[in-house]
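First comes the structure, then the notes that go with it.
The values are calculated or read from the model by the stated rules, or taken from the named source; none is laboratory data. These numbers come from a predicted model, not from an experiment. Here the Cβ positions follow ideal geometry from the backbone for every residue, glycine too, while neighbour counts run over all protein chains shown. When the accessible area is computed, the model is the full protein with side chains, heavy atoms only, and any ligands, DNA or RNA have been set aside. Shrake-Rupley method; radii C 1.70, N 1.55, O 1.52, S 1.80 Å.
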Amino acid sequence: MKRISGKNLVLIGFMGTGKTEVGRLLADSLNRRFVDTDRLISEREGMSIRELFAARGEQYFRAVEKEVVAELAAQKGLVLSTGGGVVLDAGNVEHLRMSGFVVWLDADVDTLSVRLQGDKSRPLLQSDGLAELYKRREAMYREAAHVRVDTAGKAPFVVAREVVALLQGEG
């Protein structure tokens, strides 16, 4: 586990790639604390992310997200699952890369479309088309990540196992 010794393990990627579920599995297997940035923001603000977007707007959400990322990046030994748009802010990316090993969980648009079908909890999915939103963010994920792991057609435990193998230098 040399790659993450004294560092956080950070999962980035588009909505529906499995960051939260894979993150929980990784935290359990690595004996680390798991933090989902969207859940933490929701708890602190007292409303869901969808409600927060509706009540205060995306700009407010991004400002809170930036504070949370900086706070978590100052800690060590966490497994972090980040919101899909965390890479939109260069400061977030810098914090995450400096404090952790960043793994981009990815899947093709068709897979994401199936996984997210009927999901009304994601505010940006309602206003922007999935393919267009993915296209706008793909290069940012690529640039922010140390490694990419494809999650299409894989159960979360298989993805978690692949990430552990990468951390051990086997992947």
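In region 134-144, is there at least one residue being under 22 Å from Leu96 (Cα atoms), open to solvent by 30 Å² or more (accessible area, probe 1.4 Å), at pLDDT 90 or above and assigned to a loop (DSSP other than H, G, I, E, B)? No, every residue in region 134-144 fails to be under 22 Å from Leu96 (Cα atoms), open to solvent by 30 Å² or more (accessible area, probe 1.4 Å), at pLDDT 90 or above and assigned to a loop (DSSP other than H, G, I, E, B). Specify the residue that is farthest from Leu88 (Cα to Cα); the eligible residues are those in region 26-61 that are within 14 Å of the chain's Cα centre (by Cα) and open to solvent by 30 Å² or more (accessible area, probe 1.4 Å). Looking at the filtered set, the residue picked out is Phe34.
Across region 109-133, the qualifying residues are those that are out of contact with any Phe, Trp or Tyr (no Cβ under 7 Å at 6 or more places or on another chain), open to solvent by less than 70 Å² (accessible area, probe 1.4 Å) and modelled with pLDDT of 80 or more, and the one among them that is nearest to Glu94 (Cα to Cα) is Leu133. The condition of being out of contact with any helix residue (DSSP H, G or I) (no Cβ under 7 Å at 6 or more places or on another chain) and more than 14 Å from Ala144 (Cβ to Cβ) holds for Gly77.
Beta carbons closer than 7 Å, at least 6 apart along the sequence or on distinct chains, pair a first residue in region 38-55 that is of a type in the set (Ser, Thr, Tyr) with a second that is open to solvent by less than 40 Å² (accessible area, probe 1.4 Å) for Ser42/Ile49; Ser48/Ser42.
Looking at the structure I just gave you, is Val69 of a type in the set (Val, Ile, Thr) and either open to solvent by 10 Å² or more (accessible area, probe 1.4 Å) or not in a helix (DSSP H, G or I) (or both)? So Val69 does not fit the description; no.
I need every pair where a residue in region 149-161 that is outside any loop (DSSP other than H, G, I, E, B) has its Cβ under 6 Å from the Cβ of a residue that is of a type in the set (Phe, Trp, Tyr), sequence separation at least 6 or different chains. That search, which allows pairs on different chains as well, returns nothing. Checking every residue in region 72-82 against the condition of being of a type in the set (A, V, I, L, M) and under 22 Å from Ala131 (Cα atoms) gives zero matches. Taking the listed residues Gly84, Gly16, Gly6, the one that is out of contact with any strand residue (DSSP E or B) (no Cβ under 7 Å at 6 or more places or on another chain), assigned to a loop (DSSP other than H, G, I, E, B) and open to solvent by 30 Å² or more (accessible area, probe 1.4 Å) is Gly6, with no other qualifying.
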